[in-house]
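Following: one structure in structure tokens, then a few remarks.
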Amino acid sequence: MSDLSKRRLKLWIRLLGVTRGAENHLRDYLRREHATTLPRFDVMAALWRRRDGVTMTELSRMLLVSNGNATAVVDRLETDGLVRREAEDGDRRRIRVRLTPEGLSRFETMADGHEAEVDAIFARISDDDLDSMRDILSRAARAE
């Protein structure tokens, strides 16, 4: 292995560490401050972006999870009155899921806090650093 190859490997390990650390912090924040989980937050975020609702298959694809995983999270959110399922065009086989008014309000409160936590996690990164990192990560994504 070349020196450059080893440095790239170390970068990959560092990126994973930063990502996992940030994710763990956010999981803890959501649990402590909002009595919820990151998967529930992610489902609500997807539904917030698509106010007209999505099918369970669309939701699974958006979140890159199995239909079973998405269904389990939606079941709990529905029990809590945060989402509702509706038959699409009267077809009971196609179900659309959307946030309830309470779910919308709760998500927006969580999202504000989530954004503040992410801002705090990365507070030491300057505006110029963010631009550089975005460019670097864009180049890395195009290399796939």
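Just so it is clear, none of the values below were taken in a lab; they were calculated from the coordinates. Keep in mind that this is a model prediction, so the values were computed, not measured. Positions of Cβ are generated from backbone atoms using ideal geometry, with glycine treated the same way; all protein chains shown enter the neighbour counts.
One table, with the values for the structure above:
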{"item": "Net charge of Cβ neighbours under 14 Å - reference residue 46; Lys, Arg +1; Asp, Glu -1", "result": "+4"}
{"item": "The chain, dipole about Cα centre (Lys/Arg Cβ +1, Asp/Glu Cβ -1), debye to the nearest 20", "result": "660"}
{"item": "Residue among 47, 82, 64 with the largest mean-square fluctuation in a Gaussian network model of the chain, springs linking Cα atoms under 10 Å", "result": "64"}
{"item": "Order of 95, 125 under a 10 Å beta carbon neighbour criterion, fewest first", "result": "125, 95"}
{"item": "Residues 110, 1, 44 arranged by fewest to most Cβ contacts within 10 Å", "result": "1, 110, 44"}
{"item": "Cα-based shape type of the stretch 75-126, given that a ≥ b ≥ c are square roots of the gyration tensor eigenvalues and the cut on a/c is 1.5", "result": "prolate"}
{"item": "Where only C-alpha atoms are counted, convex hull volume of the stretch 22-144 per residue in Å³", "result": "136"}
